[in-house]
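Have a look at the structure below before the remarks.
Every number in this text was worked out from the coordinates using simple rules, so none of it is lab data. Quantities reported herein were computed from a predicted structural model and do not represent experimental measurements. Every residue, glycine as well, gets a Cβ built from its backbone with ideal geometry; the counts of neighbours run over all protein chains shown.
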Amino acid sequence: MKSLSYLLKEVLDESSTWCHVSTDRDLKTISARIEDEGYSFITITLPAFAKDLEKGLDQGRVDRHLFTGFSRKGELPRFLGGFLDLIFDRDTGVLLDLPSIDAIRCVRQICLMFSKVAAECSDERVKAAIDGYIKCEQDVKDHDVIFKGDDAMRHSFERLGSLLWSDMFSNIDREIFEGNVIPKHGPGATADRLKGNRKYDQTEWPRRLEEIFPSGEFLFSSWSLFFDNEHSVDILEPEAEIPVKVITVPKTPKSPRIIAVEPTAMQYVQQGILRLLVENIRTNDTARNLIGFEDQTPNQHLAEVGSRDQSLATLDLSEASDRVSYEHVRSLLARFPHFAWGVDACRSRKARVPGHGVIRLAKFASMGSALCFPFEAIVFTTVVFLGIERALNRQLSKKDIKSFFGKVRIYGDDIIVPTEYASSVVATLELFGFKVNTNKSFWTGKFRESCGKDFYAGHDVTVVKAREELPSQRRHAREIVSAVSLRNQLYKSGYWRTVKFLDDHLERIIPFPVVAETSPVLGKHSFLGYETQKISSDLHRPQVKGMMVSTRLPVSRLDGPGALLKYFLNSSDLPVTDREHLLRAGRPVAVDIKHRWGNSY
């Protein structure tokens, strides 16, 4: 972490030049507080400082609830005071008529640069996250009682859901009835610990799946192979099903991310239903204009528009996926029996939670289920339009829904709505048990954020974030790859003095040529082009010698019926290009870098 403090000093110095302010005292404050508090100051405290800045921009002034823990002069903190004086009036704390965009961007860059550094959390923070997961589950159960007991609430939700999704859901319902679900295995971990190609030889199949997705069709390439091997498949009754495995993975030093690792059979079928959802969203006019799965650009564009003219609000939800109830999904699918049956069959009902044993789930699915992301977007969109209905005090029509294309859009838990309906939408989301993150939701000022892009008054104030500590040796492959990416992002952002610091640091560890963005070689990106060290004799293309990422999949041999099944599950019209796919599969166990020749572009 010590190298990160040197990097922060460079960013601080260059930011002071940008805005023509002194940062000598700010550097002393950072050094003193790191010594007293450790590196949680730059990974937790400084990001909180940036969030307070955003809240001040949203409400138009700094009050005494913001920037706590920092001494003040007037209404503003002394820390980074030179920048803040270019944004707010020090005597009153009121936002200036023309705040400095550069100062806003610099404060955020200084404070948020290390907010996403991958690091293990303390045991206390991990335990708090797990306890929060259990509490969230209880909250979902409590809201289920309200939802099922309020007929008007439930019926309005089902009515609006039908208005939005009936055409798409009908198509998917028919596809499932006709047996057009093509399952898929992913490369990740599973609750039953099957890895790589072993997943194609799975021998357990839940009874719930067998009733609608028979093992003879889903575990074998033909019924004749099934009859030859039918005794090798163990049909699990509901009480014997493997629960999802709840685990924590590094997210930020403040809190880990909680995900649920699904059993192989469940994930396999979930991916097949996901395929149908994605295909239908692409072709359904309402769905593709309101929700996104693959492209964040529309949300980012709308956030920019909202920051420029204040016509659109950006909302963010906390614990979004864990607060979508299965009752919400069941209500939306009530008129589509085969779709509802298929979703229920591949939904895990139990979870093994560290320190709490096996619990029964009221939530639809945690992050880790292939259906979590699409259904949370579908549920949130439905509730958003209920909030708009409440504001208008009338029921919406299909014509009304179309009028909101380009004004309402949901990507996961990133929600964009017209500003005039924001308060009603927030209240309705909370009525359904969702928790709106007020620190990351904006609709009163000129600051907006959505899908990783941040804007103020139409100006892009997105910052570059470090994801790993800086490397000190060539064997630190993951850190080197991250540092090269960080360097090139800072170059595009104009932090060229900081880039020089990173160049010097990396050149002591690896060869670091100038390459184009499309080059496979780890190198410097430059607006001035790329370098050529030789011309390849076969393709006659410019090449340089540098470090290239090398990954090798773990050994995972597959033959027999499983190999044939894998072949027929290839949904593409193109042949499989990986000649070793029956010998190696799964996620790489390690990332390595090798010194070799590669194309400059």
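Assorted remarks:
- If R0 is 35 Å, the Cβ-Cβ spacing of residue 420 and residue 507 corresponds to a FRET efficiency of close to 0.05.
- In range of the label at residue 156: residues from the stretch 364-398 whose backbone nitrogen is under 15 Å from the point 7 Å along Cα→Cβ: 382-397
- Extension gain (nm, one decimal) between residue 587 and residue 31, 0.36 nm per residue minus Cα-Cα: 196.1 nm
- The stretch 477-599: Lys pairs at Cα distance under 30 angstrom, eight or more positions apart or on different chains: 15
- Alpha-carbon radius of gyration plus Dmax, which is the widest Cα pair, for the chain in Å: 26.5, 83
- Net charge of Cβ neighbours under 10 Å - reference residue 454; Lys, Arg +1; Asp, Glu -1: 0
- Remark: relative contact order (the stretch 2-115) = 29 percent; criterion is Cα-Cα distance under 8 angstrom and separation of 6 or more residues.
- Estimated FRET transfer efficiency (residue 596, residue 472; beta-carbon r; R0 30 Å; 0.05): 0.85
- Taking 21 Å as the straight-line reach from the Cα of residue 73, the lysines in range (excluding those fewer than 8 positions away in the same chain) are 28, 51, 55.
- Placing unit charges on the Cβ atoms of the charged side chains and taking the dipole of the stretch 2-115 about its Cα centre, the candidate lying farthest along the positive direction among 60, 40, 87 is 40.
- Gap separating the Cα centres of the stretch 534-590 and the stretch 26-60, nearest whole Å: 45
- Of the trypsin sites (Lys or Arg not before Pro) found in the stretch 540-593, the ones in coil according to DSSP and having at most 11 other Cβ atoms within 10 Å of their Cβ are 579.
- Over the stretch 477-599, the ratio between the Cα radius of gyration and 2.2 N^0.38 Å evaluates to 1.38.
- For the stretch 2-115, alpha-carbon Rg relative to the globular expectation (2.2 N^0.38 Å, N residues): 0.98
- Peptides 317-325, 248-256, 225-233 ranked from most to least packed, by the mean per-residue count of other Cβ atoms within 10 Å: 317-325, 248-256, 225-233.
- Close amide-amide hydrogen proximity is noted between residue 291 and 410, each under 5 Å apart and 5 or more residues distant or on a separate chain (H modeled in the peptide plane; Pro and chain starts excluded).
- Highest-first arrangement of 190-199, 209-218, 91-100, where packing means the average Cβ count within 10 Å: 190-199, 209-218, 91-100
- Over 24 Å between alpha carbons, listed pairs 407/440; 398/453; 2/251: 398/453
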